[in-house]
Amino acid sequence: MSDAINVMKRYEIKYLLTKEQTKYLVEGLKGHMVLDQYGRTSICSLYYDTPNHRLIRESLDKPEFKEKCRLRSYGLAKPGKPVFLELKRKAYGIVYKRRIQTSIDEVNKFFNKNDVFSDSQIEKEITYFRDYYESLKPSCLIIYDREAYYEPDGDLRLTIDYNPRYRLDDLNLSTSTDGKSLLDEGSTILEIKVQEAIPIWLSTLLSNGKIYKNSFSKYGEAYKREIINIDRKEIGSYV
């Protein structure tokens with residue numbers, strides 16, 4: 001695996017926006033935040049879970065501590081193009097993310113219980129996660145088109161996810177960015193990522209636009225829509 005590792009610790013606050021609120025917000029960011037160099041980028045996240053979907057079921061119970069594992073690509077994954085294996089934990093409102101740059105082949109070997117990782121602390125954590133939960137496999141693919149904004153002289157980051165969608169078949173990062181929509185047409189997901197408090201100017205902008213916090217999990221929503229029904233049918237078949 002590559003040594004290109006990211007470690008992140010921050011608060012992440014989510015909001016659901018209408019089309020009109022999104023337009024209002026983007027206009028209000030001018031003079032405060034800047035769109036990053038990538039513009040609008042399609043992001044594909046492949047979530048791993050146990051056969052009985054233990055991770056997402058526990059997450060939906062809103063515990064003080066929860067964790068998940070996903071493989072992420074920016075655009076479709078192609079030969080020679082890096083992907084990122086991420087271990088994301090949330091404890092008492094603070095998000096901790098461990099991320100390793102790798103390849104799809106190495107990830108496939110890893111989840112087949114081959115020890116392809118080095119002895120770095122982050123890679124040990126991800127290996128422990130795999131061994132602790134056992135039998136992890138691709139469960140759901142989430143895709144969205146993201147615009148990311150940053151504060152030039154601060155740690156504030158903000159993302160707007162357009163057209164979030166999912167699929168439960170063809171679970172790979174290489175074939176397409178198609179999927180079923182998670183929101184009404186035009187609605188978006190706003191995430192504010194900050195290490196300290198939200199600045200006053202942004203709090204005022206959100207308040208004036210009637211934009212309020214709204215807990216929303218893309219994988220969780222897909223599970224509630226479809227996977228939970230699959231689990232119930234499988235349970236019923238054994239009764």
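If you go through segment 119-147 and keep only what is in contact (Cβ under 8 Å) with a residue 24 or more places away in the chain and part of a helix (DSSP H, G or I), you end up with I122, E123, E125, I126, F129, R130, Y133.
Filtering segment 109-151 to residues that are out of contact with any helix residue (DSSP H, G or I) (no Cβ under 8 Å at 6 or more places or on another chain) and of a type in the set (F, W, Y) leaves Y128, F129, Y132, Y150.
The residue that is surrounded by the most Cβ atoms within 10 Å (Cβ to Cβ), counting only those in segment 49-66 that are touching a helix residue (DSSP H, G or I) at 6+ places or on another chain (Cβ under 7 Å) and either free of Cβ contacts under 8 Å to residues at least 40 places away in the same chain or in a strand (DSSP E or B) (or both), is D49. Screening segment 67-118 for residues that are outside any strand (DSSP E or B) and of a type in the set (G, A, S) and picking the one that is nearest to H53 (Cα to Cα) gives G93.
Residues that are over 17 Å from P138 (Cβ atoms), under 16 Å from the mean Cα position of the chain (by Cα) and loosely packed, with under 14 Cβ neighbours inside 10 Å occur in segment 7-14; there is at least one.
Does Y74 fit the bill of being without any contact (Cβ under 8 Å) to a residue 40 or more places away in the chain and under 19 Å from I100 (Cα atoms)? Taking the combined requirement at face value, the residue satisfies it.
Looking across segment 162-199, the residues that are in a strand (DSSP E or B) and without any contact (Cβ under 8 Å) to a residue 60 or more places away in the chain come down to N163, P164, R165, Y166, R167, K180, S181. In segment 22-40, of all residues being within 22 Å of the chain's Cα centre (by Cα) and assigned to a helix (DSSP H, G or I), the one that is surrounded by the fewest Cβ atoms within 10 Å (Cβ to Cβ) corresponds to V26.
The residues of segment 41-54 that are more than 16 Å from R72 (Cβ to Cβ) and either within 17 Å of the chain's Cα centre (by Cα) or of a type outside the set (D, E, K, R) (or both), listed by number, are T50, P51, N52, H53.
Quick note: the coordinates plus some simple rules give every number you see, no bench work behind them. Not measured: the values here are computed from a predicted model. For neighbour counting, all protein chains shown are included, and Cβ atoms are generated from backbone atoms with ideal geometry for every residue, glycine included.
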